[in-house]
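A quick write-up on the structure given underneath.
The values are calculated or read from the model by the stated rules, or taken from the named source; none is laboratory data. This one's a predicted model, so the numbers in the text were calculated from it and none came from an experiment. Reconstructed Cβ throughout: ideal geometry from the backbone, glycine too, with neighbour counts over all protein chains shown. Side chains included, ligands, DNA and RNA excluded: accessible areas come from the protein's heavy atoms. Shrake-Rupley method; radii C 1.70, N 1.55, O 1.52, S 1.80 Å.
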Amino acid sequence: MRKKVIAGNWKMHKTIPEGVRLAKSIVSKMEKKPPAKTEVQIFPPYISISAISQVVKGSKVGLGAQNMAWEEQGALTGEISPTMIKSAGGKYVLIGHSERRAYFKEDASMINKKIKLALKNKLKVIHCVGETLEEREQNLTRDIVLNQIEWDLKDLKAEHMRNLVIAYEPVWAIGTGKTATPAQAQEIHAFLRDAVDAVIAEGVGKKTRILYGGSVKPENAEGLLSQPDIDGALVGGACLEAGSFWKIVQAAEKVSK
Ligand code: PEP
């Protein structure tokens, strides 16, 4: 069974005290009504991870980083290594978010190195893929995501996939208020399972958790999360407030078998 995951990507929002407050609210909601069928993860900015790790300690809230360097250590000014994330209390890492690809020019070889290094250091990975609006309009969605699976996950084996979750995030839906319809998202999620089978090994696709991301809100969460191949959501804007994030967690609980 693929347990649902609701992950909140805080992006560059919240100071340390604001982040601690938000994390406390999420932990308190978890404690009042622990979700039985849904994993909850939060990805604050690096600078808050250590403080927030004290808040989530002993709770079921998973904590991770939004990015990571492709080397263990070295002359990489401004970067953060996997051991640093772990020493701050992070257990997860987002890799290949479209904002990293677009604004920081992360390419497939860099993403591939980051994924391998994260897994080697026992961090669990959320690997993001997705097409731009231009690519969708040119009917290239399948080619783009297949290419991302092929090159970003190069050399990975079935056992690595146990610690990796894929997030399908159409770039045109991120932060825009435009969501893929449940049918559009379902179609690509099903395709991604086949892509994982083709690239990694037959049978791995159906075991891999695949989240949807792109303007997921309390209002559209249930429709998306009830699709058979959508195993959760990577949430940006709607995770910055505990109430709306929690409604998405509840939607996941409601539709989980
Ligand atoms: C994201 O950043 O991964 C994301 C999906 O953002 P939003 O929910 O704001 O579209």
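Solvent-accessible area assigned to carbon and sulfur over the chain amounts to 53 percent, based on a 1.4 Å probe. Largest GNM mean-square fluctuation across Glu137, Glu72, Glu241, computed for the chain with C-alpha springs under 10 Å, falls on Glu137. When the chain is treated as a GNM with alpha-carbon contacts under 10 Å, the residue of Gly130, Gly74, Gly205 showing the greatest mean-square fluctuation is Gly74. Per-residue Karplus couplings for segment 39-50, computed as 6.51 cos²θ - 1.76 cosθ + 1.60 with θ equal to phi - 60°, are listed in order as 8, 10, 9, 10, 10, x, x, 3, 5, 9, 4, 4 Hz, Gly and Pro entered as x. Rounded to the nearest 500 deg cm²/dmol, what is the calculated helix-only ellipticity per residue at 222 nm for the chain, with -39500 (n - 2.57) per DSSP H run of length n ≥ 4? Result for the chain, helices only: -13000 deg cm²/dmol.
Each Cα pair under 8 Å and six or more residues apart adds its separation to the average, and for segment 1-135 the resulting relative contact order is 21 percent.
Remark on Val235: its backbone amide H falls under 5 Å from those of Ala7, Gly8, Asn9, a criterion applied only to residues 5 or more positions apart or on other chains, H modelled at 1.01 Å from N. One decimal place: the segment Leu140-Glu31 gains 34.8 nm when fully extended, by the rule 0.36 nm per residue minus the C-alpha distance.
Volume per residue of the convex hull around the Cα atoms, evaluated for segment 40-133, comes out as 103 Å³.
In the context of the full set of protein chains, residues of the chain present 47 Å² of accessible surface per residue (probe radius 1.4 Å, heavy atoms only).
Pairs of Cα atoms nearer than 8 Å and 6+ residues apart set the relative contact order; for the chain it is 21 percent.
For segment 99-161, averaging the sequence separation of C-alpha pairs within contact (under 8 Å, six or more residues apart) and dividing by the residue count gives a relative contact order of 38 percent. Each residue, Asp197 and Ser87, gets one label point 7 Å from its Cα in the Cβ direction; the gap between the two is 4.5 nm. Distance from the Cα centroid of segment 199-236 to that of segment 111-162 is 15 Å (rounded to whole angstrom). The aspartates and glutamates whose alpha-carbon is closer than 18 Å to the alpha-carbon of Lys217, local same-chain residues fewer than 8 away aside, are Glu39, Glu169, Asp231, Glu241, Glu253.
Computed from the alpha carbon positions, the gyration tensor of the chain leads to an equivalent ellipsoid with semi-axes of 25, 23, 17 Å, biggest first. For the options Leu117, Leu76, Leu224, a Gaussian network treatment of the chain with springs between C-alpha atoms closer than 10 Å singles out Leu76 as fluctuating the most.
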